[in-house]
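The values are calculated or read from the model by the stated rules, or taken from the named source; none is laboratory data. Computed from a prediction, not measured in an experiment: that's the story for all the values here. We place every Cβ from the backbone using ideal geometry, glycine too, and count neighbours over all the protein chains shown.
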Amino acid sequence: MTLMRFKIVSRAGLLDQLKYVMRFSSSLQIRNQECPQQEPERSFKYADLTVRLAPPHLLQPKPDVRDLVFGKYFTDHMLKIFYHEDLGGWQTPEITPLENLVLHPATKALHYAVQVFEGAKAYRGRDGKIRLFRPELNMERLNRSASRFGLPVFNGGELIKCISRLISIDQEWVPHCETASLYIRPTLIGVDPTLGVAVSRSALFYAILCPVGSYFHNSSDKKGISLLADPSYTRAWQGGCGDQKGGSNYGPTIHIQEKASQKGLQQVLWLHGADMQLTEVGTMNIFVFIVNENGEKELITPPLNGLILPGVTRASILSIARELNQFKVTERNITMEEICRLISEKRLLEMFGAGTACVVSPISHIDFLDRPLHIPTMEQSDAVHKMFLKTLLEIQYGYQPNHPWALEID
């Protein structure tokens, strides 16, 4: 059954119809083709997982959901898996109390940024069940990043089972509300105690968990976020590793983020090249919703050309939009010159960022070369960013039961 059989007369009707189609359409059950699955022969196995629980006196009090700050509070346990080439590869996975890491001063992760990570979330649904959102895509992306950074790959399905067990042990840390969630940070680092830029023969995978609320505490849904667009700085370049999730992509951006904060702005709009192409916004993928030169409404996002991270939320929004078939959906370059022209011609309707931490964040202002640009995202009566946000949250919090994108944790 496809959307073409229906006549949609309102946004509410569109959302109801989308729920029906996304539940039964097999096209949304196909794994994202951007993320080829890797199946290494020497991976760890969930069946070998050992568990060492924290004693009662080490259990921490749960923070009030109103006090949650992104990345401040951590749960009682963590997952650790070592890799040693000389010992045959991956070792036995173990869940332990949350503890500090002991690293040699020459550890490759500390000297050469041989380190990659992921960001995912667990959600407590309206039915009390805990769900992960498309975790197989996170595992595939982590394997791709690991390959690029000279780190060992693994079986993603086995890691999902291990992380699910960790979450079930710390399940009371998953907030009992729909305005918060449990953030999951899987991390893989090279731990060879030798100096020298080379493939790491020893590595450590670990996963930690933290309950989180809204990413932007100083903004509201009614205002949108503000951006600094400065072509003097670039986040990634052709042939680089901007499409990998490694710490080396993020550390150098902190100074520019501080520059934005000093101007009263919340994030950085990263530009690239002489034509100032839009690439990412902060740590999010970016979307632009316009009326094109043919009078059609069109959703645009930059292509996966090596400059941007292939986001799970990005892929999900594109799938939803294409399944709806209500407006044109395009992956192409868009420049600041085009943005300025669209604003002047009143054809720019919305801009928003999309990512795991922020989900969907509307953009209302851009400071471009000290020129203030007003983005009318929050003025749209039938805003598409709200539709995408509502649809994603309904899947994540279980309003669409048995959805193929949601993995329930026992």
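Which one of these does Cys340 not meet: (1) in contact with a strand residue (DSSP E or B) (Cβ under 8 Å, 6 or more places away or on another chain); (2) in contact (Cβ under 8 Å) with a residue 40 or more places away in the chain; (3) not in a strand (DSSP E or B)?
Unmet condition: (2).
Consider Leu204 carefully, then state whether it is in contact with a Phe, Trp or Tyr (Cβ under 6 Å, 6 or more places away or on another chain) and either crowded, with 17+ Cβ neighbours inside 10 Å or outside the structural domain of Leu389 (by TED's automatic domain parsing) (or both).
Against the criterion (in contact with a Phe, Trp or Tyr (Cβ under 6 Å, 6 or more places away or on another chain) and either crowded, with 17+ Cβ neighbours inside 10 Å or outside the structural domain of Leu389 (by TED's automatic domain parsing) (or both)), Leu204 qualifies.
Does the range 235-283 hold any residues that are of a type in the set (Ser, Thr, Tyr) and buried (at least 19 other Cβ atoms within 10 Å of the Cβ), and which are they?
Thr279, Thr283
Report the residue count in the range 284-304 for those that are of a type in the set (S, T, N, Q), out of contact with any helix residue (DSSP H, G or I) (no Cβ under 6 Å at 6 or more places or on another chain) and crowded, with 16+ Cβ neighbours inside 10 Å.
Filtering the range 284-304 for residues of a type in the set (S, T, N, Q) gives 285, 292, 294, 301.
Keeping just the survivors that are out of contact with any helix residue (DSSP H, G or I) (no Cβ under 6 Å at 6 or more places or on another chain) gives 292, 294, 301.
Now drop any that are not crowded, with 16+ Cβ neighbours inside 10 Å, which leaves 301.
Residues meeting the conditions: 1.
Taking the range 373-386 on its own, how many of its residues are at pLDDT 95 or above and either surrounded by 21 or more Cβ atoms within 10 Å (Cβ to Cβ) or outside any helix (DSSP H, G or I) (or both)? First the steps, then the outcome.
First, pick out the residues of the range 373-386 that are at pLDDT 95 or above: 373-380, 383-386.
Checking which are either surrounded by 21 or more Cβ atoms within 10 Å (Cβ to Cβ) or outside any helix (DSSP H, G or I) (or both) leaves us with 373-375, 377, 380, 383-385.
Number satisfying all stated conditions: 8.
Can you tell me which residue in the range 169-188 is farthest from Gly125 (Cα to Cα), limited to those that are of a type in the set (S, T, N, Q) and either in a strand (DSSP E or B) or touching a Leu at 6+ places or on another chain (Cβ under 8 Å) (or both)?
Thr187
Does the range 322-340 contain at least one residue that is under 21 Å from the mean Cα position of the chain (by Cα) and of a type in the set (Lys, Arg)?
Yes; the residues of the range 322-340 include at least one that is under 21 Å from the mean Cα position of the chain (by Cα) and of a type in the set (Lys, Arg).
Restricting to the range 126-179, name every residue that is more than 15 Å from Ile409 (Cβ to Cβ), of a type in the set (Ser, Thr, Tyr) and modelled with pLDDT of 95 or more.
The answer is Ser145, Ser147.
Looking at Val51, Val114, which one is at pLDDT 95 or above, over 20 Å from the mean Cα position of the chain (by Cα) and buried (at least 18 other Cβ atoms within 10 Å of the Cβ)?
Val114
How many residues does the range 274-305 hold that are of a type outside the set (Ser, Thr, Tyr), closer than 27 Å to His255 by Cβ and either without any contact (Cβ under 8 Å) to a residue 12 or more places away in the chain or in contact with a Gly (Cβ under 9 Å, 6 or more places away or on another chain) (or both)?
Residues in the range 274-305 being of a type outside the set (Ser, Thr, Tyr), closer than 27 Å to His255 by Cβ and either without any contact (Cβ under 8 Å) to a residue 12 or more places away in the chain or in contact with a Gly (Cβ under 9 Å, 6 or more places away or on another chain) (or both): 8 in total.
Taking Pro135 as the residue in question, decide whether it is surrounded by 16 or more Cβ atoms within 10 Å (Cβ to Cβ), over 21 Å from Gly190 (Cα atoms) and of a type outside the set (D, E, K, R).
yes
Output the residues belonging to the range 330-361 that are among the acidic types (Asp, Glu) and surrounded by fewer than 22 Cβ atoms within 10 Å (Cβ to Cβ).
In the first step, residues of the range 330-361 are kept if they are among the acidic types (Asp, Glu); the result is 331, 337-338, 345, 350.
Once the filter is applied, which keeps residues that are among the acidic types (Asp, Glu) and surrounded by fewer than 22 Cβ atoms within 10 Å (Cβ to Cβ), the range 330-361 yields Glu331, Glu337, Glu338, Glu345.
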